[in-house]
Every structure is written in C-alpha cells, then in structure tokens.
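A.B. asks: Handing you a structure now.
The values are calculated or read from the model by the stated rules, or taken from the named source; none is laboratory data. This structure is a prediction, so every number in the text was calculated from the model and none was measured. Reconstructed Cβ throughout: ideal geometry from the backbone, glycine too, with neighbour counts over all protein chains shown.
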Amino acid sequence: MRERMEYIKRRRLYRSCLLYFLAGILAGILFMYFTGHGAAGTETFFRKSVLLEMSYGKLDKGQFLKYELPRRLRPAACLLLLSTTCFGFLAIRLYTVMKGFLAGLLFSGTVLAYGGRGVLFLIVLLFPHQLLLLPAFFLLLCFCYQISCISRAPEGCIWPIYTGRKKQLISLLLILLWILFITVMGCFLECYVNPLLVADGVKMLL
C-alpha cells in the first residue's frame, strides 16, 4: 500500500515538473515572438563567423569541459541548498520554469532565424548529451522535492523514509551521486562528442 501511494505521488510530481517545464518553454517562445528578438538573438550567437569556427571544429574540449561542469553544477547546488529551507518548493518550481524558458528562447530564436534548417540544427546541437542531462535534470528536481518533503511535509515524500538516520543519509547520498555521475557523463558527451556532430550539422546553416 505504501509503495502504491509513493508511486502515485511520483507520477503527480513528474506531471507537475513537466507542466512547469513546458510552461517555461511556451513563455520563452512567446517572449521571442512578441518582442521580435528571435532573429536578432541568433544573429549574435549564430553569426556566420561563429558558424564557420564551429564547422572547422576549433574547440579546446578540455577547457570546454572545465567551463561546462561548473555552469551546470553550481545552479544545481544552489537549488539543493534552497531545498533544505522553507523556500524549497518555490525554488523547485522557479528553477523548472527558468530552464524551460531558456529552452524556449533557444528553440524559437533558432527557428525564427533559420526556419526548418534551424530545427534540424537544434536536434544536432542537443544530441547526444541531452539524453543524459535531461533525465538528470528531472531526477534532481525529484531529489530536491524529497529533501524539502523530509523537512517540511513528510507525508508528501515520493521515496521511502527510513527510521535510521544513517540509512536515510546513505540512501540520499547514493541518489545524489547517481545524479552527479549522469550529469558529468552528459557534460563529457557535450564537450567531446557533440562538437564533432555540430561541426557537420552547422554546415546546413552556411
């Protein structure tokens, strides 16, 4: 019975996170469309000189990895810290909407600037690392939600709460390490595999 209730709570949380993320994407798309920043925004990021450099594959992958890891881990660490406070649930919602909003800006800006070719380029731009980073993102949301529930609303927990403090800490630590591992592997793919695909994919925009 307890497992069934936890399953239902997880389903509700997954649905809620997805809706907040999609709402953020929609907000980003509407922002770019109604403010007219679509083409202007991508002209800076995807101007021809930048696209040429990307097509040549001129990228220091080691430096890129050193940049990407902190860029992805710092916001996650801030969210984790906030989840231990009374602002945890609010922070999770805002973080999800913000990520969706940024994704919406990227999607709509590229499509407005390059049309159908922009859609194909986005697929290349997000593959294969997002196959790991996106699940890690939603797992992080669930983890932070669990942390907030343990301290604020135990009845809402989506995973088991152990009576022993040590057992509970070990369980949470293993989940956190798994999230960290997936994120690091996703960053590795983003820095070492994705540039090879982008170097070929960017030629469709030139």
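A.B. asks: Pick from the range 156-177 the residues that are among the polar types (S, T, N, Q) and surrounded by 12 or more Cβ atoms within 10 Å (Cβ to Cβ): which of them is modelled with the highest pLDDT?
C.D. replies: The selected residue is 171.
A.B. asks: Here's another thing I want to ask about it. Within the range 133-186, take every residue that is of a type in the set (Ser, Thr, Tyr) and in contact (Cβ under 8 Å) with a residue 60 or more places away in the chain and give me the one that is farthest from residue 7 (Cα to Cα).
C.D. replies: Checking each candidate, the answer is 183.
A.B. asks: Related question: I'd like to check which helices (runs of 4 or more DSSP H) are fully inside the range 9-98 and have at least 3 residues that are modelled with pLDDT of 90 or more and under 21 Å from residue 195 (Cα atoms).
C.D. replies: Result: 61-82.
A.B. asks: Looking at (1) within 30 Å of residue 60 (Cβ to Cβ); (2) surrounded by fewer than 18 Cβ atoms within 10 Å (Cβ to Cβ); (3) modelled with pLDDT of 90 or more, which one does residue 193 not meet, given that it meets all the others?
C.D. replies: With respect to (1) within 30 Å of residue 60 (Cβ to Cβ); (2) surrounded by fewer than 18 Cβ atoms within 10 Å (Cβ to Cβ); (3) modelled with pLDDT of 90 or more, residue 193 is out only on (3).
A.B. asks: Out of 121, 127, 137, report the one residue that is within 14 Å of the chain's Cα centre (by Cα), aromatic (Phe, Trp, Tyr) and buried (at least 19 other Cβ atoms within 10 Å of the Cβ).
C.D. replies: 137
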